[in-house]
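No value in this document is a laboratory result; all are computed from the given coordinates. What you are looking at is a predicted structure, and each value in this text was computed from that prediction instead of being measured. As a convention, Cβ positions derive from the backbone with ideal geometry for all residues, glycine included, and neighbour counts pool all protein chains shown.
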Amino acid sequence: MIPLFGQAPNPIVRWEYFIDEWDQIQRALIEHLELTVYAVTLGLVVSAGLSAIALRFRRTAAPINGVTAFLYTIPSVALFGILVPYFGLSRLSAVLPLAAYTLLILVTNIVAGFNSVSPEVREAADGMGMTPARRILHVELPLAMPYIVTGLRIAVVSTVGLVTVAAIIGQGGLGRLILDGLRRAFWTPMTIGAVLSILLALALDGLILGAGKWLTPWAQRGRSAL
Amino acid sequence: MTSLNLNIEEGSIVVLIGPSGCGKTTTLRMINRLIEPTSGRIEINGKDVTHGPVAELRREIGYVIQQVGLFPHQTIAGNIATVPKMLGWEKQRVSDRIDELADLVGLEPSLLDRYPDELSGGQQQRVGVARALAADPPVLLMDEPFGAVDPIVRTRLQDELLELQARVGKTIVLVTHDIDEALKVADRIALLNVGGILEQYSPADELLAEPANQFVEEFVGEDRSVKRLQLRTVADIPFHRGPVVAATDGVATARSIMREYSSEWVGVTSQNVFLGWVHGEDLQDGLPLESAPRSVPAAQVQPGSTLRNAMQIIMTSHTSAAVIDNGGLFGGVVTLELIRASLEAETGP
Amino acid sequence: MLLGQAPVPRDIGVFEWLFDPNSWTGPDGILVSLANTVILCAVVVVVAIVTMVPLASWLAHTRRGEVSVSWTVTLSRAIPTFAVAGLLVPISLRSGWGFEPWPIFIALLLLALPPIFLNTYTAIQQVDPGVVDASRAMGYSETSVLVRVELALATSVMLAGVRVAAVTVVATEPIRAFLGGDGLGRYVRDGLGQNNDALVIAGAMLIAGLAGLTALSFRLVERFALPDGVRRLATTTTR
């Protein structure tokens, strides 16, 4: 059977490791979090811009979708690898591909969100004397929020997963623990790295989900039939 | 669209109506410049608003559309407060105004904290009107506002609109495709033909009584005389006593009145309260009129009943006359002949 | 520090290496690695098809399992494949199964299951109930209805699902090289280890090339191998 804990020479988890190397674990966790946040933020900013273009100039929607989809299909190992000769084993080599992978889901969802606003709501807003800026900010954006939040959840969760892969170029946060453990034939860090990254993904997902619900009180109650 | 010239009196309800493609909605939306006119001027209260900042203009004009367009992400109160907030009103003033409007449009206060999707179609329409009136604009534009609700609710909303107008006296421009709705609510009707040609611009009764051309005639329908009957009430007819006597007048007077009117029946009142109709055969000399067998209940109408209703009631009564019940007292008699005569009189106000 | 040094890439080296026949042959050659990759990915996809298609079609046909669909969607996004594979290595070793190929196999399998399940499920679900009823009325047995009618009509959408699964698996397989395995990822791994930029770039190009080729092949099959009527029914449910 599989002894999960205990003093056997090479258990799955050696708990002393957990306590001794807590510093290292903490650092890996923080690095993981930082990379995720940088990548998603960059991705969000670029996506916002691309979405604005796609919404304003309808004909650019298909090409933009094509480009973001194409980026998404490039295998992660390949993309991380290609950047290394140009940017070295740096954070940039990790953040750029990670951000690129979020573009597809974020642009798709932002555009879908704004497209979900009924035309009569827009007409009513204009008719009441809202400037376009006010209408977009106060009416369309809140109504697009559910879609945007969903997109963010997916982007964050998949980025957390991909950050572990970035360990291959030395920027992996918790992924480094995994690789480290593999190299040293020491399983504890592998397990911890893996479990923590899964937990981190779930935690961030829940966090964004909660924030989303807080931001959209009108979408929360069940629809009442009258 | 061809050019259009329209003068709308302050405090009146003008209805734009016409077949598809006549540009009634386009015209309406040119007033608040959702569609910019290619040439010409729009003047409100003498001020030229054709150019200049458009958002400011629209905040002074109320706008109600068929699907309402309530903001799903805000409560009813939030929706209504939209324009006042844009104009910078303080919280208390906004809150008071919301309560005032809820009362004005007939909205229960408990609904104010709900979201639009929790309300019925009729309630949503009322919110739309409240929202349009929130900043107390002098002008209100309505584009087929009652088209999306069922006929029963629609009738009620139309009545409420008229009551509302009696209280606040806005200048209202309303677009509809329903001629009956137009006839019911309008002070003046602008009938447009395809291409934006104004065929006639006059009060409802005049439109029916004196259509300007064949297009108008066909549009209002062949039953326009009957439609006119809906526009007038019993009170419009001059008082006509008819074959009715007081109980104290006696049988002889009764008989002579019946001869005068060539009527088989005579009506009997006591202290100016109508008691019923008595058939000539049941009159007995020497007996008081009160004791004669009477036919009740009599066909009755109110002063506020439309002539059309009166006509319907008369047709089903065997005395060919309806008694006007003026708060319990005898108010005269209505016959088909009287109704017909009133149509021939000058067209209404 | 976000920026590192930017060494000059040695492109000449990349293409020289790629076109050198020696790079392709031999136990460490490209052909062997390619074979390793393709074999693993193919097995993963086949297992996914064999398990998910019957399950999904049965669920869709009998109109159950609405809940399982939304579950699958949520879960499939949350799987950090590298972490899962990493977690499985110690477990696999402890069980005496070695660190290849089970951890990576299972991790890749988890990636392949959702798209195939989802596409099959929705494809069967979207089949026009009128056609299903008509075939029942004509006397087909339930199994016949399922196989001859529903599955036939659903093929193009299902094929799209298989395509998505295959491309995802091929694109993710390179991490195997970093977990002690072989496959096309090894060149990026070796290149990084030896500081050989040309090797890294070449490896990246091979990986991307295979992924693109996989996508293209499937699209060609979808386009040409299906009867026209069936093909026009297709709307891809996943990307």
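A few notes on this one:
- Shielding by partners - mean other protein chain Cβ count within 10 Å, residues of A:188-194: 5
- Of all complete DSSP H helices in chain A, those with a Cα span along the helix axis of 15 Å or greater and a mean Kyte-Doolittle hydropathy of 0.5 or more are A:22-56, A:61-73, A:76-87, A:91-115, A:141-165, A:187-215.
- Cβ-derived FRET efficiency at R0 45 Å, residue C:195 paired with residue C:220, nearest 0.05: 0.70
- Cα shape, segment B:44-170, gyration tensor, a/c 1.5 rule: oblate
- Counting, for every residue in A:87-96, the Cβ atoms of other protein chains within 10 Å of its Cβ and taking the mean gives 4.
- Lys/Arg +1, Asp/Glu -1 at C-beta; segment B:1-129 dipole; positive extreme among B:39, B:75, B:109: B:39
- Placing +1 on the Cβ of every Lys and Arg and -1 on the Cβ of every Asp and Glu, with no other charges, gives the protein assembly as shown a dipole of roughly 3100 debye about its Cα centre.
- Separation between Cα centres of segment B:215-274 and segment A:102-125, rounded to whole Å: 65
- Charge tally around residue B:83: other residues with Cβ under 14 Å, Lys/Arg +1 each, Asp/Glu -1 each, net +4.
- Placing unit charges on the Cβ atoms of the charged side chains and taking the dipole of chain A about its Cα centre, the candidate lying farthest along the positive direction among A:203, A:177, A:130 is A:130.
- Based on DSSP H segments of at least four residues, each scored -39500 (n - 2.57), chain B has a per-residue ellipticity at 222 nm of -10500 deg cm²/dmol.
- DSSP beta bridges fully contained in the protein assembly as shown are about 45 percent antiparallel.
- Dipole of segment B:13-230 [Lys/Arg +1, Asp/Glu -1 at C-beta], most positive-end residue of B:230, B:175, B:139: B:139
- At an R0 of 51 angstrom, the distance between the Cβ atoms of residue C:25 and residue A:195 translates into a FRET efficiency of 0.75.
- Relative contact order for segment B:260-341: 23 percent, from Cα pairs under 8 Å spaced at least 6 residues apart, divided by residue count.
- For residue C:140, distant residues with modelled amide H under 5 Å away: none
- Theoretical FRET efficiency, 1/(1+(r/R0)^6), r = Cβ-Cβ of residue A:118 and residue C:143, R0 51 Å, to 0.05: 0.65
- log10 of Debye I(q)/I(0), alpha-carbon scatterers only, for chain B at 0.10, 0.11, 0.12 Å⁻¹: -0.74, -0.83, -0.91
- Simple label model, 7 Å out from Cα along Cβ direction - residue C:63 to residue B:20, nm: 3.7
- Comparing mean-square fluctuations of A:190, A:145, A:128 from a GNM of chain A with C-alpha springs under 10 Å, the top value falls on A:128.
- Dipole check for chain A: with +1 at the C-beta of Lys and Arg, -1 at the C-beta of Asp and Glu, and the Cα centre as origin, the magnitude is about 560 Debye.
- Label-point separation in nm, residue A:59 to residue B:259, each point 7 Å along Cα→Cβ: 9.6
- Dividing the helix sum by the residues of chain A, where each DSSP H run of 4 or more adds -39500 (n - 2.57), gives a mean residue ellipticity at 222 nm of -25000 deg cm²/dmol.
- With an a/c value of 1.5 or above and a/b larger than b/c for the gyration tensor axes a ≥ b ≥ c computed over the alpha-carbon atoms, the protein assembly as shown is described as prolate.
- Normalised by the number of residues in chain A, the mean separation of alpha-carbon contacts (under 8 Å, six or more apart) gives a relative contact order of 25 percent.
- Nearest-20 debye value, segment B:244-322 charge dipole, Cβ charges on Lys, Arg, Asp, Glu: 300
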